[in-house]
1. Of B:Leu64, B:Leu94, B:Leu55, which residue is surrounded by 14 or more Cβ atoms within 10 Å (Cβ to Cβ), within 30 Å of B:Thr160 (Cβ to Cβ) and at pLDDT 90 or above?
2. Check every one of the helices (runs of 4 or more DSSP H) wholly within segment B:198-316 and list those with 3 or more residues that are among the polar types (S, T, N, Q).
3. Do any helices (runs of 4 or more DSSP H) lying entirely in segment A:1-97 carry at least 2 residues that are surrounded by 15 or more Cβ atoms within 10 Å (Cβ to Cβ) and at pLDDT 95 or above, and which ones are they?
4. Out of everything in segment A:194-203 that is of a type in the set (A, V, I, L, M, F, W, C) and surrounded by fewer than 20 Cβ atoms within 10 Å (Cβ to Cβ), what residue ends up being farthest from the other protein chains (Cβ to nearest Cβ)?
5. From (1) open to solvent by 20 Å² or more (accessible area, probe 1.4 Å); (2) within 14 Å of chain B (Cβ to nearest Cβ); (3) in a loop (DSSP other than H, G, I, E, B), pick out the condition that doesn't hold for A:Gly235.
6. Given (1) away from chain A (no Cβ under 14 Å); (2) surrounded by fewer than 18 Cβ atoms within 10 Å (Cβ to Cβ); (3) part of a helix (DSSP H, G or I), where does B:Phe132 come up short, assuming only one miss?
7. Report yes if some residue within segment A:185-193 is surrounded by fewer than 21 Cβ atoms within 10 Å (Cβ to Cβ), without any contact (Cβ under 8 Å) to a residue 12 or more places away in the chain and either in contact with a Phe, Trp or Tyr (Cβ under 8 Å, 6 or more places away or on another chain) or not acidic (Asp, Glu) (or both); otherwise report no.
8. Can you pull out every residue in segment A:496-551 that is surrounded by fewer than 15 Cβ atoms within 10 Å (Cβ to Cβ) and within 27 Å of the chain's Cα centre (by Cα)?
Amino acid sequence: MTRRTFFLSPAGLLVAANPDPGFRLVDVTQQAGIRFRHNSGAFGAKHLPETMGPGCAFLDYDGDGWLDILLVNSMDWPGHKRQRSTLALYRNNRNGTFTDVTQRAGLALEMYGMGVAVADYDNDGFPDVLITAVGQNRLFRNTGKGSFVDVTEKAGLGGRSAFSTSAIWCDYDRDGFLDLFICNYVKWSPEHDVFCSVDGRNKSYCTPEAYHGSTCWLFRNRGNGAFEDVTAKSGIFDSNSKALGVAMLDHDRDGWPDLFVANDTQPNKLYRNMRNGTFEDVAVASGVAFSEDGKARAGMGVDAADFDNSGVQGLAVTNFDNEMIGLYRAGTGGLYADIAMKSGIGAASRNSLGFGCAFFDANLDGRLDLVAVNGHIDETVRNISRNHGYAQAPHLFLNDRKGGFHDVAAQLGAGFAEPKVARGVAYGDFDGDGDLDLLITTNQGPALLYRNDVTSENRSLRIRLTGTKSNRDAIGATVRMTTPDGTQSRTVKTGGSYLSQSEMAVTFGLGRRDAAGRVVVEWPSGLVQEFKDVKAGAYECTEGKMMRARERY
Amino acid sequence: MDSRRSLTIRLLAGLLVTLTAVAVFSGYSILQLRTLRKLQTQSIDRNRVDSLLLLRIQNSLNSLAIAMRDMLDANEPYPLTAYAPQFARIRMDLEDALAREEKVAPVDRTAGQRRYLAGSLVSFWDALDRIFALARDGQEAEARTRIQLSLQARQAALSTAVAKLLVQNNESEQQAAARTYAIYSGVERNVYLFMAAMLILIVLTSLYLLQYNRRMFDRVAALSERRSELAQQLISMQENTFRSISRELHDDFGQILTAIGVMLQRADRRVSGELQEVREIVQATLDKVRSLSHALHPMVLDEAGLESALDVYLSGFERQTGIAVSYEKTGESRQLDRNLSIHLYRVMQEALNNVARHAESKRASVRLVFLPETIVLEVEDEGVGFCNRKQGMGLVSMRERVELVHGGIEFLDGHAGGVLVRVTAPAVPHETQVTRA
């Protein structure tokens, strides 16, 4: 990019303007009673998995309409046992505080956990939880009575060992039962750990070039509580992949879910759903496999969303430092263009090593903003580079009307822009005030809960979908909402970000308007429902029925 | 006239030579730049793009190697056929890269090389297809053996071929760099040569112009001197002529007419009447002769000196013009050289005439200052300033006269707004001046 185009870009202009972002993020971790600390098990040998976790999730495990919090934890390495560290489930007390219910919920078990994907795979109305791990992943079925049971073996997911990272639930064959896609990073074991060094003296965590790739897995839900490994059959198998992030999107706009997989130092994959149980990788042809200069970047987190209100999903992919975030806008003919530089995100993220990222409308102005959390993989980076710290400030890119983004992280109140060694990020309205709050996990550190306080008069429209013919979570459903300002669209999804999961209800920012002229719901089953004049507020929408207002947001 | 034309022609010729040199040099430089650009686009850039594509091909070949290694490792719970899409992806990428590479391949690549790469790949895919066919038939062990025996070797050969092409590209890139360097240093040398030539040309032209100018100045100075000499001679001659005529008139015609007057007076007593008229005519003629003589050259100047001549002239001037002239003398008066006196007198006369004609002043003053070595004459009026007056020959003749007596003349603003003419001259005139007069 030339200097001229930089100054002409909207972002370049807006950096100088610095308008009020219209919201604040208040750190409420302490007052909410979240005492979680991630234990990476690090004891000095610098095993690669130590620096990669953990993830987090917003979920309503008890079905009371209030979002609860699940935090993934790792553990001490065998032979280096010092403490006990387990997953943590926090139940929402509906007054801004949470209670640790891990023990009661049956999740107080130790595993080297990485990420989480939440969905109601058995369509019983209660969200089930998949925890990815180094070693054996675990599937926990929600009993509906406030507890979980480990069904890994029963579901046919047992007997596998890998370095799994992000995972996603989606109904790729549209049979009404959610299938499971799991990213695997590299072939790693403590015995095969390689010596790497950033500064030439001290051992540091390796970048994945040092290890063999590992294929991702796709499990088809048989509908009877068990899964079938269709990795090979579906054409997903790829032994070169080093996958960290996965997102669902409708790349070819045919209503069948396609999958984008962010690979670290390997070309990204865009698996197009061929509607016959197989996928075809079209990443190279679509322009998302490599950076604009043809390099395979270190893809970490990813999210797909209609960030330009064009009705079509684009993609954001976080990468290593000096690689910038990739912001892909869908063009014609299935081609994507990386507009990171043009939008202002590129230059702003150049010095960041990004992990989790998510599109959400932070200030409810009707345009999706992008949060990206950062942090280096090794503290010795300080020895070699002044630009790149170990702890790094997160980005919150506010979407302006003209296709530009500018980072307002520093304007959101004390704490948020503090450098962190962040990994996962998820959004959800835990306090029921209609705006989206943020949950961030840090490596070998606390999980942080930020309450969003929208300071403008902006209102929101929130809809929770329940499928009947479609999968019960309505994953893959697209909601389009029209106001005189234009049409926004949201897709119900799991996964995305990095190792993390945001809430599944969709949130539209209405700006100053108090109603949407039209809301269209396109269910995965093919049913399309249309609602007129929907006032700001929160709604329940069950497939084939009228929309019902909820008392709270 | 002749020299002027020759100079113009010479300068034009010089300019022409310079312009031609500039044009030739520019043309040469442009030519060199074009060669450089051609080298850049046709060779260096093309080479670089080709190398990048070769690296991409090499990378894909490595991916093939890794995939084969994974197939042989057999630590995946999947059948060998699961690898088919992975190979298909790599194949697509390889074929795309190869097609692009074909387009930008360096011109010096031999047909043999091209054929070898394409042919080897085709046979690789054939072998791979056969292996997957075996795997589909359930003969996984046989398939693995074949991978080990033939496929890996083929991949290695391909990789070596691509590596050779990369080395070739590097070499030709080095050659191109050397050529670029040669062009750059050639251009640099020429720039220096050109600058040196230009410098020499400029120095020569400047020297020539300097010389020429000096000659011109000398000639102008000589001309000016000659002109001044002529003017002075003219003035001196005029003064001499005037003086001799004046003397003739005064001495001879005056005596004669006086005698005639006396005789007529005497005759008047005897003869009556009509002669009275004749006597009056004679008297009038005598007066006219006297005033003409005075006008041509005031004899009083020679006989009684400058001061007496001034007295006579000033009273006459006052009478004729009605301008009140105040006369003032400072210092001890002395007898001045005749020549100096007449020129000072004339300057004073001219200055007063100017006052009468142009100054619109009712008053004027004349000051004569005797200093030990010099004499100063000042004529001042109270009329309009100097810049509002017309300039005539009067000023020129004043300057020439002052010059004749080796003095200086200044035209200053008067105290009362008019003009002050100040002449300063050495009181003892120059020897040569005396002889010339």
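The values are calculated or read from the model by the stated rules, or taken from the named source; none is laboratory data. Remember, predicted model here, so these are calculated numbers, not experimental data. Neighbour counts are summed over all protein chains in view; Cβ atoms, including those assigned to glycine, are modelled from backbone coordinates with ideal geometry. Ligands, DNA and RNA are excluded from the accessible area calculation, which covers all protein heavy atoms including side chains. Shrake-Rupley method; radii C 1.70, N 1.55, O 1.52, S 1.80 Å.
1. Checking each option against the conditions leaves just B:Leu64.
2. B:254-270, B:274-296
3. Passing ranges, in order: A:29-32.
4. Looking at residues that are of a type in the set (A, V, I, L, M, F, W, C) and surrounded by fewer than 20 Cβ atoms within 10 Å (Cβ to Cβ), I get A:Phe195.
5. Going through (1) open to solvent by 20 Å² or more (accessible area, probe 1.4 Å); (2) within 14 Å of chain B (Cβ to nearest Cβ); (3) in a loop (DSSP other than H, G, I, E, B) one by one, A:Gly235 breaks only (1).
6. Of the numbered conditions (1) away from chain A (no Cβ under 14 Å); (2) surrounded by fewer than 18 Cβ atoms within 10 Å (Cβ to Cβ); (3) part of a helix (DSSP H, G or I), the odd one out for B:Phe132 is (1).
7. Yes, segment A:185-193 contains a residue that is surrounded by fewer than 21 Cβ atoms within 10 Å (Cβ to Cβ), without any contact (Cβ under 8 Å) to a residue 12 or more places away in the chain and either in contact with a Phe, Trp or Tyr (Cβ under 8 Å, 6 or more places away or on another chain) or not acidic (Asp, Glu) (or both).
8. A:Gly526, A:Val528
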